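Step one of this worksheet: look at the structure below.
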Amino acid sequence: MLAMNKNRILGATAIVIAATVVLSSCKDKRSTGWEYAPNMYEHIAYDPDQANPNFKDGKTAQVPPAGTIPVGFVKFDYPNTKEGYELAGAQVKSPLFLTSKNIEEGKVLFTSFCSPCHGQHGQGDGEVVAHGFPAPPSYSKGQSSRGGNMSDLTDGKIYHTITYGVNAMGSYASQLSPEERWKVVMYVHQLQKTL
């Protein structure tokens, strides 16, 4: 008798579950079902391109207030001119300590970003030269296009050149952070000493 009641209970339970599945699956074809964390789909914040009644001009994306500086931005107050280059050469010194770790990190950055043109040892014999492009001057024995020996370039002149570029070399300000640029400067000084 107990086994018979047990079978009836299991059978009734199976029928109820089957009926629930059938009825719930036929309800609304467009339903996505239960949502876990609906605020991920229906956020309350305004999108940047959306109209926004909270501002006078009705735009969500606002221009930053005058004189503000983005977080992490390091200002370089020397213009991209010959005068700015010379002034940076005379006034700008590396804020980083000369350590073997910084030089080693500078070498890694130099190898990735600079050696395709300047070569592994800064002699102006990178891969691009093998493909017919003009060779940049050697750090240890070449002449700068702005005047003077490449081996005499100061911290500020090298940093200015990495930041703004010169001749066929483009700016690396978007690829290298200011701290990374200073590490490359340290490594270039090491290459200036090699003959």
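Using the Cβ-Cβ distance between Lys82 and Gln62 with R0 set to 25 Å, the FRET efficiency from 1/(1 + (r/R0)^6) comes to roughly 0.10.
With respect to the chain, whose longest principal axis is taken over its alpha-carbon atoms, helix 2-25 is tilted by about 50°.
With the highest mean first, a sort of the peptides 83-89, 186-192 on other beta-carbon atoms found within 10 angstrom per residue produces 186-192, 83-89. Only DSSP H runs of four or more residues enter the estimate; each adds -39500 (n - 2.57), and after division by the residues of the chain the mean residue ellipticity at 222 nm equals -13000 deg cm²/dmol. The C-alpha atoms of the chain define a longest principal axis, and helix 155-164 lies at about 50 degrees to it.
Taking the charge dipole of the chain about its Cα centre, with +1 at Lys and Arg Cβ atoms and -1 at Asp and Glu Cβ atoms, the residue from Ala135, Ser145, His121 reaching farthest to the positive side is His121.
For region 74-181, the square roots of the Cα gyration tensor eigenvalues, ordered a ≥ b ≥ c, give a/c of at least 1.5 with a/b no greater than b/c, which places it in the oblate category. For Thr13 and Val128, the difference between the fully extended length at 0.36 nm per residue and the C-alpha to C-alpha distance is 33.8 nm.
Highest mean packing first, where packing is the average number of other Cβ atoms within 10 Å per residue, the peptides 128-140, 39-51 line up as 128-140, 39-51. In terms of its alpha-carbon gyration tensor, region 31-108 comes out oblate; a/c meets the 1.5 threshold, while b/c is at least as large as a/b.
Remark: region 100-181 carries a charge dipole of roughly 180 debye about the Cα centre, counting +1 on each Lys and Arg Cβ and -1 on each Asp and Glu Cβ. Fully extending the segment from Asn167 to Val71, taken as 0.36 nm per residue of separation minus the present Cα-Cα distance, adds 31.5 nm. The coefficient of translational diffusion for the chain, derived via Stokes-Einstein from the alpha carbon Kirkwood radius under 10 °C and 1.306 mPa s, stands at 70 µm²/s.
When the trypsin sites (Lys or Arg not before Pro) in region 85-179 are filtered for DSSP coil states and for at most 16 other beta-carbon atoms within 10 Å of their beta-carbon, the remaining sites are Lys93, Lys141, Arg146.
Using +1 at the C-beta of Lys and Arg and -1 at the C-beta of Asp and Glu, which of Pro38, Ile103, Val63 has the Cα lying farthest in the positive direction of the dipole of the chain? Of Pro38, Ile103, Val63, it is Pro38. What is the helix-to-structure angle for 178-193, meaning the angle in degrees between its Cα long axis and the longest Cα principal axis of the chain, kept from 0 to 90 and rounded to the nearest 10? Approximately 40 degrees, to the nearest 10.
No lab work stands behind these numbers, since they all come straight from the coordinates. None of these values were measured; they are calculated from a predicted model. Note: ideal-geometry Cβ built from the backbone for every residue, glycine included; neighbour counts use all protein chains shown.
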